[in-house]
Amino acid sequence: DYILREVEATLLMRNPENLPAAIDILRSIPTEFQFPCSGNPFEFRVEEPNIHLDYFPYNDYSYLDSTLPERYSKLELAEKLNGLYNSKKTNGRGNDLFQVALAYYNMSLSGSAWKYLSYFRYADEKSGILHWAMIDEITREALEDNSLTDEERAMVHYLGARCQKKIFKSSDKATFFNFRKDFNQLISEYSHTEFYQSVVKECADFRLYVNK
């Protein structure tokens, strides 16, 4: 019974709108049946982990040199995500939403924290289960917050570009121009930021785009 409840809660967690329902279920499960998962959903890296989907789910995509070894139980994570997603801050909501988008990206099959939401997913990106559009939508909402610094806005645009690239690669209906738009904004508006310089240095795709 506890196992089935945990599976149900995990499936609900895949959409931030369903986090309150997931929390209610997880709170009904004794703590001795709740275990922390590997990987930190809130760790941000310019370079993605070296993922081989052919080996899913038998490999671990965590960064070996992670500076954020923190691990969460699913209840702890759901509560944190729910607090961030439903933040009522006048200033700072954009950064909260960025943290939510980042966590969901890292919990996708392209992230180092995929085990948090691992039930009933497939390595085939065309299965439509990876929710790139949902994550991208959260980044767009984050950008509406004028209190974001240029460094923060640059990071949000880069995460949005990542999502758009996934959509482009996995959907016949996607358009190449969407992630180009984010790349162009990084170049035209945020080239003065430290984050931009790190992207140029670490992201081969972006470096090729800059030098095209």
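The values are calculated or read from the model by the stated rules, or taken from the named source; none is laboratory data. Keep in mind that this is a model prediction, so the values were computed, not measured. Here the Cβ positions follow ideal geometry from the backbone for every residue, glycine too, while neighbour counts run over all protein chains shown. To get the accessible areas, we keep the full protein, side chains included, count just its heavy atoms, and leave off ligands, DNA and RNA. Shrake-Rupley method; radii C 1.70, N 1.55, O 1.52, S 1.80 Å.
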Exercise. Evaluate E = 1/(1 + (r/R0)^6) for Q197 and S87, where r is the Cβ-Cβ distance and R0 equals 30 Å; express this FRET efficiency to the nearest 0.05.
Key: 0.50
Practice problem: Order the following by accessible area, largest value first: H157, H192, H131. Probe radius 1.4 Å; ligands, DNA and RNA are ignored. | Solution: H192, H131, H157
Quiz item: Structure shown: which of K88/K181; K74/K166; K80/K181; K89/K165; K181/K212; K80/K201 lie over 21 Å apart, alpha-carbon to alpha-carbon?
Solution: K88/K181; K74/K166; K80/K181; K89/K165; K80/K201
Practice problem: Run the quick spin-label model on A21 and S38: label points 7 Å from Cα toward the beta carbon, then report their separation in nm to one decimal. | Solution: 3.2 nm
